[in-house]
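Heads up, the thing below is written out as structure tokens.
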Amino acid sequence: MTGFRHMLAALGAIALVVASASATPAMAAAGITDEVTMTLGKGGTLHVVEKISGAEGELKRTFLTRTRYDDTSDRLYEISGVKGGKLTGDVLTVTAPATVEYDVKGAVTATGGMEELRWFAVNGWNTAVAKATVKINGPGQVQSLSCFAGELTSAIGCTSASMDHSATRADFEQAGLAPGQALTVVVGFPRGASGGQPIIDRRFSLAAAFALSPVTGGALAALLVLLLGGLAALYWTRGRDARIVDHERGAVDPVRDGHFSPPDGVRPGQIGTLVDEQADVVDVTATIVDLAVRGYLRIDEQQRQTYDAPDWMLVKQPHAPVAALLPYERALYDAIFDARDAVLLSHLSGSFAAHLGKVRDALYADVVSQGWFARRPDAERTRWTTIGAVVMVVGVLATAALAWLTTYGLIGLALIIAGGALSVGGQYMPAKTAKGSAALAHTLGFREFLFSGDLGDVPEKQRVELFSRYLPYAVIFDGVEHWSRVVASVTGNGSPSDNLYWYHGPAEWDLSKFAGSMRTFTTTTSGAISATRQFRTL
């Protein structure tokens, strides 16, 4: 019996040793102890003092600073005033054992008839928490309390939750939190006790950013009024020209002494710029023909074989009064010849292209000096187009900012639309003066008479001369084909005639072929000019 007792004692000692040996790592793995004391002050600022023990060395805690608030917003928690540790982003680093202090804003919200404090008192540690205790002192008596432990979405209550006899302090305890798990405490105080408010951050979504609301709808309605007002103002600007033109047209008689004529002293290039408010390739082509008709150069059509491209030699006429040319005509004349006496149309390149910018500038300056425009049409278009582009850029930036920060993205979109409309409308902003409108009225009357084909009582022998005089204007009005047929019908039905004084054809060429020659010449010349760099955008 005695031996049996000794054996039992020995087995008990062995079991105690084994139990002690196994208990040591279990305790070591149990985790830290986290004692948290929180005081809710005015303005909803929560001051936290956290004492960490039960371990040594560096520990890290990742705060939860953003949670879902509703379908469109998140709730933020701001951590500041950290003492006893280092906060980098949302990660707090401490060297245990340690006492850490920090402030939390955004943990309070009004709900029902109370003010609710909700905070993740213990969470995000990179090690287990063996025991956590939380004490909360508030600005009023505790109305309600609850707590949750485990994963962040857990609805399981903590180990214990209570309040002191005066109901001014709430106490919570939780044992055994795994790394990353949380102890969330919720305490209700009287409404307005601290005056705290949640920090709400709207989540970005296209649907919310461009939501239609009374504000955005009103802004869109205002934009519609603005656009309609702009169109009305644009019509008034352009309509003013139309009304003066209609008034003046009735007072202008393009037929003088049995002859029809353009406005006094007005050149084809000037008329082209007056009509469409642009100095373009057609104006230059018509001016080349006009210079030939007026004796400054001669156009010689070159002989060609069946598959050769048509070409013309532009020949400088000696003793031409070059000094009498208008500035834009002189710029074109110099661009064509460039210190040479003759040049093939197909060879107009190089220095010719460099001079064409001067021709364009001189044409715009000419219509202003004539008093037809108060400002250069190109400068006026550029001015309004630039303003429209700036408004569009501002609209893009405003739309991005408003869409990201608010739900008023449609207001910025309205600016983009307005800027685009202004850029397009800027092309119609140049307005003629009363003098310019009167000149345009005479021009339009002349065009109608020119296209009517009614040559009146002009003697037949003078009709070819009139054709030459008015051909450059037919180029401007895109009526070369029509006018050529009219003239051909009054020149003996195509019977042979000598070369014109300003246009020479190749061998076996006669005036009956002139209409086709001029149609090809104007088309080829316009194509050659438009291929040059300065006039590609005209």
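Structure data summary
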{"item": "Segment 356-405 - accessible surface per residue (Å², probe 1.4 Å)", "result": "51 Å²"}
{"item": "Inter-label distance for Gln303 and Glu173, nm, one decimal - labels placed 7 Å from Cα along Cα-to-Cβ", "result": "12.2 nm"}
{"item": "Accessible area (Å², per residue) of segment 49-188, counting only protein heavy atoms and a probe of 1.4 Å", "result": "46 Å²"}
{"item": "Rounded to the nearest 10 Å², the accessible area of Lys135 at probe 1.4 Å", "result": "80 Å²"}
{"item": "For Gly54, distant residues with modelled amide H under 5 Å away", "result": "Thr33"}
{"item": "Efficiency of FRET from Cβ geometry, Asp74 and Val394, R₀ 45 Å, rounded to 0.05", "result": "0.90"}
{"item": "Segment Thr406-Thr62, length gained on full extension (0.36 nm per residue, minus Cα span)", "result": "120.9 nm"}
{"item": "Three-way shape label, segment 348-420, alpha-carbon gyration tensor, a/c 1.5", "result": "oblate"}
{"item": "Packing rank of 470-477, 263-270, where each peptide gets the mean count of other beta carbons within 10 Å, highest leading", "result": "470-477, 263-270"}
{"item": "Pairwise FRET efficiency - Val424 versus Ser154, Cβ, R0 = 51 Å, nearest 0.05", "result": "0.25"}
{"item": "Vicinal HN-Hα couplings computed from phi for segment 378-395 (Karplus, 6.51 cos²θ - 1.76 cosθ + 1.60; Hz; Gly/Pro x)", "result": "5, 5, 5, 5, 4, 4, 6, 5, 5, 4, x, 5, 5, 4, 5, 4, 4, x"}
{"item": "Percent accessible area from carbon and sulfur atoms, segment 85-228, protein chains only, probe 1.4 Å", "result": "58 percent"}
{"item": "Computed FRET value (nearest 0.05) for Val49 with Leu220, which takes r as the C-beta separation and R₀ as 41 Å", "result": "0.15"}
{"item": "Solvent-accessible area, 1.4 Å probe, carbon plus sulfur percent, for segment 414-454", "result": "67 percent"}
{"item": "Whole-Å distance, taken between Cα centres, linking segment 169-184 and segment 206-229", "result": "51 Å"}
{"item": "Label-point gap, in nm, between Asp510 and Ala353 - each point 7 angstrom along Cα→Cβ", "result": "4.3 nm"}
{"item": "Extended-chain gain in nm, criterion 0.36 nm per residue less alpha-carbon gap, Ala323 and Arg383", "result": "18.2 nm"}
{"item": "Under-5 Å amide H pairs with Trp119, H placed in peptide plane, nonlocal only", "result": "Val185"}
{"item": "Distance violations [Cα-Cα > 28 Å] among Lys60/Lys131; Lys42/Lys86; Lys51/Lys105; Lys316/Lys432", "result": "Lys316/Lys432"}
{"item": "Per-peptide average of other Cβ atoms within 10 Å, ordering 301-310, 33-42 highest first", "result": "33-42, 301-310"}
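The values are calculated or read from the model by the stated rules, or taken from the named source; none is laboratory data. Values in this document were obtained by computation on a predicted structure and should not be read as measured data. Every residue, glycine among them, receives a Cβ derived from its backbone with ideal geometry; neighbour counts consider all protein chains shown. All accessible areas refer to the heavy atoms of the entire protein, side chains included, with ligands and DNA or RNA removed. Shrake-Rupley method; radii C 1.70, N 1.55, O 1.52, S 1.80 Å.
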